[in-house]
Amino acid sequence: DGGITQSPKYLFRKEGQNVTLSCEQNLNHDAMYWYRQDPGQGLRLIYYSQIVNDFQKGDIAEGYSVSREKKESFPLTVTSAQKNPTAFYLCASTRGAPDTQYFGPGTRLTVL
Amino acid sequence: KNEVEQSPQNLTAQEGEFITINCSYSVGISALHWLQQHPGGGIVSLFMLSSGKKKHGRLIATINIQEKHSSLHITASHPRDSAVYICAVLGGNQFYFGTGTSLTVIP
């Protein structure tokens, strides 16, 4: 079965700690995306990558970092510089624009 | 400023009713997507449109490129249709998302 996996589903961290969210896809998609979802707001783009070893900042990249060393994997690190990290994080991928976006199940991060 | 506006924000319907959700956008786009998000948070893509109309089961999506407007219709609504419906447009290399319409269908 092809798809996108994100782990873990729920994550709790203490303030000031960096945390890395996993995103893996076996769809052979070139483009991958990280979004943040907050109550009452639309999804906001954090970072995206259209090809291995290349990525671009989205609208709210401050306090986040990513890497794209493999086509299948696009991990997101939430650093201690992110002022308000508690949110629902969604990873997505597409073959290339325009095309259907496939979403992972999401990771709900709570910073205590 | 939101590039994508949806209406209504919340919608409650009786089972069997015909439902319409609207989406207006302000950017040039190459495609528009309708997404469905269930309470657990997972998102599923329902449609991708660049023109005209698409139908899948009880769901119909239309787009008017000149008016920068799309509608999602649900015929014979059912409680299992209860979810948040999100309109997203692809402008350049980036997706822009509406804030979603929360639909509750009552038996």
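Quick note: the coordinates plus some simple rules give every number you see, no bench work behind them. Since the structure is predicted, the reported quantities are computational estimates derived from the model, not experimental observations. Positions of Cβ are backbone-derived with ideal geometry, glycine not excepted, and every protein chain shown enters the neighbour counts.
Give me the extension gain from B:PHE18 to B:HIS78: residue separation times 0.36 nm, minus the current Cα-Cα distance, reported in nm with one decimal.
Extending this stretch completely gives an extra 20.6 nm.
For the pairs A:LYS70/B:LYS54; A:LYS57/B:LYS68; A:LYS9/A:LYS83; A:LYS9/B:LYS53; A:LYS9/A:LYS70, flag any whose C-alpha to C-alpha distance is greater than 29 Å. Where the Cα-Cα span goes over 29 Å, the pairs concerned are A:LYS70/B:LYS54; A:LYS9/B:LYS53. Taking 7 Å steps out from each Cα toward its Cβ at A:ASN53 and A:THR110 produces label points 4.2 nm apart. Working note: Cα atoms of the protein assembly as shown, range along each principal axis, descending, whole Å: 49, 39, 34. The three principal axes of the C-alpha atoms in chain A carry coordinate ranges of 36, 26, 26 Å, sorted with the longest axis first.
When region A:1-110 is described by a simple charge dipole with +1 on each Lys and Arg Cβ and -1 on each Asp and Glu Cβ, the residue from A:PRO75, A:GLY63, A:SER49 located farthest towards its positive end is A:GLY63. Near B:PHE18: Cβ cut-off under 13 Å, other residues only, Lys/Arg at +1 and Asp/Glu at -1. The net charge is -2. Neighbours of A:SER80, meaning other residues whose beta-carbon lies under 11 angstrom from its beta-carbon, give a summed charge of +2 when Lys and Arg score +1 and Asp and Glu score -1. Each part gets one Cα centre, and for region B:38-73 versus region A:26-49 those centres are 19 Å apart.
Looking at region A:14-85, the GluC sites (Glu not before Pro) that sit in a DSSP loop and have at most 12 other Cβ atoms within 10 Å of their own Cβ are A:GLU15, A:GLU62, A:GLU69.
In order along region A:44-61, phi translates into HN-Hα couplings of 10, 7, 9, 8, 9, 9, 9, 7, 4, 6, 9, 8, 10, 6, x, 6, 10, 6 Hz, rounded to whole numbers, per the Karplus curve 6.51 cos²θ - 1.76 cosθ + 1.60 with θ = phi - 60° and x for Gly and Pro.
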